[in-house]
Amino acid sequence: SYGYTGGGLLFWDIKTAKRELIKDTDIIPEQSTFSLVAIGKNKILGGTTTNPGTGGEKKANVAELYIMDIETKKNDWHQAVFPVAQTYTDMCLGENGLVFGIVDYKRLFVFDPVRHKLIYDENLVAKYGSISSGQQQEGPRVFVTAPNGTIYVLFVKGIARLDQETYKINMLA
């Protein structure tokens, strides 16, 4: 709603057509979930944003990652993995079980959701330009995963392929 800070998650059961709203105070208070990725049976990894909705007041200092059990709707873990992060822009699951993500619209990161550990971090802007994301641009998604598992990254200046072994970006077009 206009003027509020923080945002919850709505779970929709497609079999029963019932919904359940989990408030931000039960996830990460004063923040909203901005990106989500399924990381295994009944687990999701969420990335928050500290930015409030239109008319809201910013109250949080750093965005967090969290792992939630979708059966209990409770967090198993949460942490401010990047000490100055404001938004976990997008995330996707790689073939090796690692999560590839973008933080603050400019940094590629690789996260091990089993060990809760950041294993790679690179500033993309200097080498590849801005990512294609955000309300002012094309949309909130950065990653596109092909049916064969290939991960593509959308930049303003082109499309790249992400090497899931070396974490390197290869511009294609």
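Details
- When E95, E57 are checked against the criterion of being part of a loop (DSSP other than H, G, I, E, B) and more than 21 Å from T5 (Cβ to Cβ), E95 stands alone in meeting it.
- In region 60-75, residue most open to solvent (accessible area, probe 1.4 Å) [restricted to those that are in a loop (DSSP other than H, G, I, E, B) and under 21 Å from D13 (Cβ atoms)]: E71
- From the options A85, A126, residue that is under 24 Å from V62 (Cβ atoms), of a type outside the set (S, T, N, Q) and assigned to a loop (DSSP other than H, G, I, E, B): A85
- When restricted to residues that are touching a helix residue (DSSP H, G or I) at 6+ places or on another chain (Cβ under 9 Å) and either open to solvent by 70 Å² or more (accessible area, probe 1.4 Å) or in contact (Cβ under 8 Å) with a residue 40 or more places away in the chain (or both), region 31-55 contains 1.
- Residue within region 48-60 that is in contact with a Pro (Cβ under 6 Å, 6 or more places away or on another chain) and of a type outside the set (A, V, I, L, M, F, W, C) present: yes
- Looking only at region 99-124, and only at residues there that are of a type in the set (A, V, I, L, M) and more than 16 Å from R161 (Cα to Cα), the one that is least open to solvent (accessible area, probe 1.4 Å): V103
The values are calculated or read from the model by the stated rules, or taken from the named source; none is laboratory data. Just so we're clear, the structure is a prediction, and the values are computed from it rather than from any experiment. Here Cβ is always computed from backbone atoms with ideal geometry, including for glycine, and neighbour counts include all displayed protein chains. For the accessible areas, the whole protein counts, side chains as well, though only heavy atoms, and no ligand, DNA or RNA atoms are used. Shrake-Rupley method; radii C 1.70, N 1.55, O 1.52, S 1.80 Å.
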